[in-house]
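Right, one structure below, let's go through it.
The values are calculated or read from the model by the stated rules, or taken from the named source; none is laboratory data. Quick caveat, the model's predicted, so the values are computed rather than measured. Cβ atoms come from the backbone with ideal geometry, glycine included; neighbour counts cover every protein chain shown.
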Amino acid sequence: MALYARAIQMRTGPGRGQALLSLLWAERALTESDPFIAFTSLWLAIEVLMGTASLAPVRKALRSLYSFADEADFEARTNLARLAALRPRVLHRAVATPIPDQLVSYLEALYADLLAKILALPSPNRLAPYVTGELGPVAKLVG
């Protein structure tokens, strides 16, 4: 995270404050032992970083980083629609939804790839093991 913090500090203009705030939420998640709070913190970090709760910019960024055959392939390999459905249950209704540690790891990887993209740094490709299926189907992570 120190590399990202330095890259953000060097930025000027619009988006700098947004990137710093998102990094604070992500760092909170990394130090959190409760997966429910870590999920919430990472989700907020992603929304702040992207400047919206919409998944459209996330989809666009992931398509530029990874190859997908079509929309069905994209969804099968990223499960963003299912994550989006989980989000309001967790954030707005505070439903005690079990959040597996692997799902938190997935969001950490998603955030790292998105942050690198926004900062125009080389992608760490942290999401690659999930997108390629190396770590098993993402669908198993999302309830």
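In the condition set (1) surrounded by 16 or more Cβ atoms within 10 Å (Cβ to Cβ); (2) of a type outside the set (A, V, I, L, M, F, W, C); (3) touching a residue at least 24 places away in the same chain (Cβ under 8 Å); (4) closer than 20 Å to Glu134 by Cα, Ser105 is compliant with all but (3). Within segment 76-99, the set of residues being surrounded by fewer than 15 Cβ atoms within 10 Å (Cβ to Cβ) and polar (S, T, N, Q) comprises Thr97 only.
Filtering segment 14-46 to residues that are assigned to a helix (DSSP H, G or I), within 17 Å of Gln102 (Cβ to Cβ) and among the small types (Gly, Ala, Ser) leaves Ala29, Ala38, Ser41. Considering the conditions (1) within 16 Å of the chain's Cα centre (by Cα); (2) over 19 Å from Arg126 (Cα atoms), Arg16 is excluded by exactly one of them, (1).
When segment 51-75 is filtered for residues that are crowded, with 16+ Cβ neighbours inside 10 Å and of a type in the set (Gly, Ala, Ser), only Ala61 remains. Residue-level check: of (1) at pLDDT 90 or above; (2) touching a helix residue (DSSP H, G or I) at 6+ places or on another chain (Cβ under 7 Å); (3) surrounded by 16 or more Cβ atoms within 10 Å (Cβ to Cβ), Glu47 misses just (2).
For segment 32-41, indicate whether the set of residues that are under 23 Å from Lys140 (Cα atoms), touching a Leu at 6+ places or on another chain (Cβ under 8 Å) and among the charged types (D, E, K, R) is non-empty. The answer is no, given that none of the residues of segment 32-41 is under 23 Å from Lys140 (Cα atoms), touching a Leu at 6+ places or on another chain (Cβ under 8 Å) and among the charged types (D, E, K, R). Would you check if there is a residue in segment 86-104 being under 14 Å from the mean Cα position of the chain (by Cα) and closer than 25 Å to Arg16 by Cβ? Within segment 86-104, not a single residue is under 14 Å from the mean Cα position of the chain (by Cα) and closer than 25 Å to Arg16 by Cβ.
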